[in-house]
1. Counting just the residues of region 73-84 that are in a loop (DSSP other than H, G, I, E, B) and closer than 17 Å to residue 32 by Cβ, which one comes out modelled with the highest pLDDT?
2. Quick one: count up the residues across region 33-51 that are more than 14 Å from residue 19 (Cβ to Cβ) and buried (at least 18 other Cβ atoms within 10 Å of the Cβ).
3. Identify, from the list 38, 48, 66, 70, the residue that is outside any strand (DSSP E or B) and in contact with a helix residue (DSSP H, G or I) (Cβ under 9 Å, 6 or more places away or on another chain).
4. Give the residues of region 52-63 that are surrounded by 13 or more Cβ atoms within 10 Å (Cβ to Cβ) and either at pLDDT below 95 or under 16 Å from residue 13 (Cα atoms) (or both), sorted by residue number.
5. Taking region 16-32 on its own, how many of its residues are crowded, with 16+ Cβ neighbours inside 10 Å and part of a strand (DSSP E or B)?
């Protein structure tokens, strides 16, 4: 299951408790395509492993909150550079 939240960023569910946040500006074979890995740690909290610079924060209430952090990050216009 995949949920589009903006033309650029996508939340892709891997398992019942794991998701990827993807940047569709980059090709799937480009390492910059994956922005973060998200895991549910409790009923009301998820933990993020950032693969690109977004924020130092690691815990959020929901995956949707992580996605919002990516979309609203000051550097979201150029997270880790432009595509080549």
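The values are calculated or read from the model by the stated rules, or taken from the named source; none is laboratory data. Model, not experiment: these values are computed from the prediction. Please note: Cβ atoms are built from the backbone with ideal geometry, for glycine as well, and neighbour counts cover all protein chains shown.
1. Per the stated criteria, the residue is 73.
2. So the count comes out to 1.
3. Checking each option against the conditions leaves just 70.
4. 52, 54, 55, 62, 63
5. 5
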